[in-house]
Structures are given as structure tokens and as C-alpha cells.
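Everything below concerns the one structure shown next.
Each reported figure results from applying straightforward, stated rules to the coordinates on display, with no laboratory input. As the structure is a computational prediction, the values presented were derived from the model and not from experiment. With ideal geometry, Cβ positions are generated from the backbone for all residues, glycine too; neighbour counts draw on all protein chains shown.
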There are 2 protein chains.
Amino acid sequence: MATSPVERVEKRTRLSTAAEAWILMHRIHWAEKPRFMAIGQEFDLAPQQGMALRALHEPRPMGELAKFLACDNSNVTGIVDRLEERGLVERRPAEHDRRVKLIVLTEEGHRVRREIERRITEPPRAIAELSKQDQLALRDILRRALANEPR
Amino acid sequence: MATSPVERVEKRTRLSTAAEAWILMHRIHWAEKPRFMAIGQEFDLAPQQGMALRALHEPRPMGELAKFLACDNSNVTGIVDRLEERGLVERRPAEHDRRVKLIVLTEEGHRVRREIERRITEPPRAIAELSKQDQLALRDILRRALANEPR
DNA sequence: TATTGTTATACTCTATAACTATA
DNA sequence: TATAGTTATAGAGTATAACAATA
């Protein structure tokens, strides 16, 4: 069978340097997914529950948590419900606006959060095994990159 | 209230260079989640459906797809069902082992996959706005990092 | 009127366990 | 017996729309 029109289009233009760097970063990150999930399971936390915990080093209103989790406001209700049932967070009414509810970590919540944070922070082999020089250069470049982020 | 035992532990040891680089990378990647989801929604694809499509530049058996998606084998059945209903993939029996089913992209599947790939490949501002020199250094370091990955 | 958070709904993804058809 | 894929089930996350309380 001759090359189809679809296959001909397949030959894409070469990646820019930035695009290649981005895709490599994406690949390294994706490879860590099983580890992330395993960490959550150790604490019997679903992925978004773990992420919510991570976001709560300071008390936050539901809406802010929704933005952090990149999901709809209505989903946060259930996620916080489950964390609350396990005694990891509390809903606390805000003084300035009685519509707002602040989500606050309990002591147990703080404990679990710190442990998760410690585990996730461990760099993957891909990065840990880079030369010291590469690690420093990588860190500095990424610091500059993050300064470019909208916020 | 005096500093609780829990709060005292909060003061964590400083991050290693590798750990800081990893966390910065994690943060840049996480910031792209809304964009990833928006791309999926444009094509009316749930996240894992999009990821499955991306993995199928070559035909793969169900089990291999499960590994790539970092989920149980049984989930892939439903994901492939939905892609098949939309005419994006086909199940094809493997010749060498009649238990195995190869998942193959249709022409439409190839078309959608290429478009998604193109969109995801676009680097985020954080990286695109780095100096050319930083971009090159970042790419080279990440290439070396990926060579450290198990596979 | 607008906003914060909740509820109801329907769909997707998830792991586990039991099943089938092959090997 | 072991493996590839499916089905059944129950729980979690998802967006949408309608709602209550408050601003």
C-alpha cells in the first residue's frame, strides 16, 4: 500500500530546542507516576486527596483549593468530605465572609502532609544521578524558568 | 499557644540540589495541567483516552498499553472500548498468540493523535522564554538525565 | 444581582476479584 | 498451570446545572 495522505503529514517539522526540553521534562515526570500513586496508596489517599493535603500547608478556602487542584469547585466538596471523615482536615467558617469556608489541616493532617512531601521531594534517579555540575545548572535554569511563570 | 511537637518537626532539612531541581520541574509541569485538560476537551477525550492515543503511534497489545498508562489491565478495556466506539482505534487479533489483541489507530485516530501531540509539544512560557543558551543547556542536561532512566 | 459552597446527575477512571480463552 | 483480556463491583474524580446562604 502506498503512503497515505495521513502518513505523509506524519513527517512533522523538527522540534525546537524549547519543545524538546519540554518533552524530555514531560517524559521524566510521567515516569514518576507509579511512584506518586504508590506514595498515595501507602497513606490510603487518592491522588487528588494527596494533592489537596499538599496545598494545605496554610488554610485555604474551598475555591482556592479548587484552583490549585485544577478542577471544578463542586468536586472539592467531596474531596474535602473524605479528608474530613479521616480527621485530616477541618472546615472552619471565615470571619470576614460567612459564605467562605477555610480548610485547615488537623495535627494528623500536618503529620501526613509532611511525610508525603518528604517522599515526593526525593528526586528520581534520572536527576539524582546527574553530575553535581549538571544538577546545579539544571536547578539554576529551572529557577529562572519559574520566574517566567505567570504566578 | 506554644510551638507544638508537630510544628517543631516542620523545620525540614534543606533540599539537596537534585531535590530542588526536581521540585521546580514538578511545579512547572503541574502548572500545565489545565492546558493538558483543555486540549483533551477540545477533542472530547478524557485524560487517559488522550494518553492512550499518544502511546499508539505503533500498534500495542492491551497489556503494554496498561503499563504505559500506569493503571490496571482491566481499566484499559473500558478506555479502548470508548476509543473504539468513536472509531479512533481497532482491536486486531495477534497472529502469534490468539490471546493477545493489538490496538491499532484508525486513520482518524492517527489524525487526532498527531494534532494532540502537536499541541502538547508546545513548550510552556516558562521554558519558551528562557534564553537560547539556557534552552540548549536545559535540553542537553535533560537528555543526559533521561539516559539515566531505567528504560 | 453576584458569589461561595453544596447537591444531584451522569460519565470516566480506579483496583480487586472472578471469569474466558487461549497457551 | 499460567497468561491476556474481559466482566462485575464499589469507590473516587470529573463537569454541568440547579440550589441555599450570604454578600
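Would you mind classifying the range B:102-141 by shape? Square roots of the alpha carbon gyration tensor eigenvalues, ordered a ≥ b ≥ c; an a/c under 1.5 is rounded, otherwise it is prolate if a/b is larger than b/c and oblate if not.
Values: a/c = 5.37, a/b = 2.73, b/c = 1.96.
Prolate, since a/c reaches 1.5 and a/b exceeds b/c.
The helix-based estimate of mean residue ellipticity at 222 nm for chain A, built from -39,500 (n - 2.57) per DSSP H run of four or more residues and divided by its residue count, is -19000 deg cm²/dmol to the nearest 500. The modelled label-to-label distance for the pair A:GLU122/B:PHE43, using points 7 Å beyond Cα in the direction of Cβ, is 3.5 nm.
Taking every full run of DSSP H in chain B, the ones that stretch at least 15 Å from end to end by Cα along their long axis and average -1.0 or higher on the Kyte-Doolittle scale are B:17-30, B:73-85, B:132-148.
Counting only other chain Cβ atoms within 10 Å of each residue's Cβ, the peptide B:107-118 averages 2.
Each part reduced to its alpha carbon centroid, the range B:25-50 and the range B:89-117 end up 22 Å apart. For the rotational copy pair A/B, the chain A residue whose Cβ lies nearest the symmetry axis, together with its distance in Å, is A:HIS29, 2. Between the listed residues A:ILE23, A:LEU88, B:ALA46, the Cα displaced farthest toward the positive end of the dipole of the protein assembly as shown, a dipole computed from Cβ unit charges relative to the Cα centre, is found at A:ILE23.
Mean projection of the alpha-carbon convex hull of the range A:46-102 over all orientations, in nm²?
3.7 nm²
Normalised by 2.2 N^0.38 Å, where N counts its residues, the alpha-carbon radius of gyration of the protein assembly as shown equals 1.13. Counting neighbouring Cβ atoms within 10 Å and putting the fewest first, the residues A:GLU64, A:GLU58 line up as A:GLU58, A:GLU64. Here A:LEU146 yields copy-to-copy label distances, from shortest upward, of 2.3 nm, the label point defined as 7 Å from Cα along Cα to C-beta. Put in order of Cβ neighbour count within 10 Å, fewest first, the listed residues A:MET25, B:MET62 become B:MET62, A:MET25.
Placing unit charges on the Cβ atoms only, positive for Lys and Arg and negative for Asp and Glu, gives the range A:3-151 a dipole magnitude near 440 debye about its Cα centre. By the count of neighbouring beta-carbon atoms within 10 Å, fewest first, A:VAL100, B:VAL112 end up ordered A:VAL100, B:VAL112.
Label-to-label distance for B:ARG144 and A:SER16 is 2.5 nm, based on points extended 7 Å past Cα in the beta-carbon direction.
Computed on the Cα atoms alone, the convex hull of chain B gives a volume of 215 cubic angstrom per residue.
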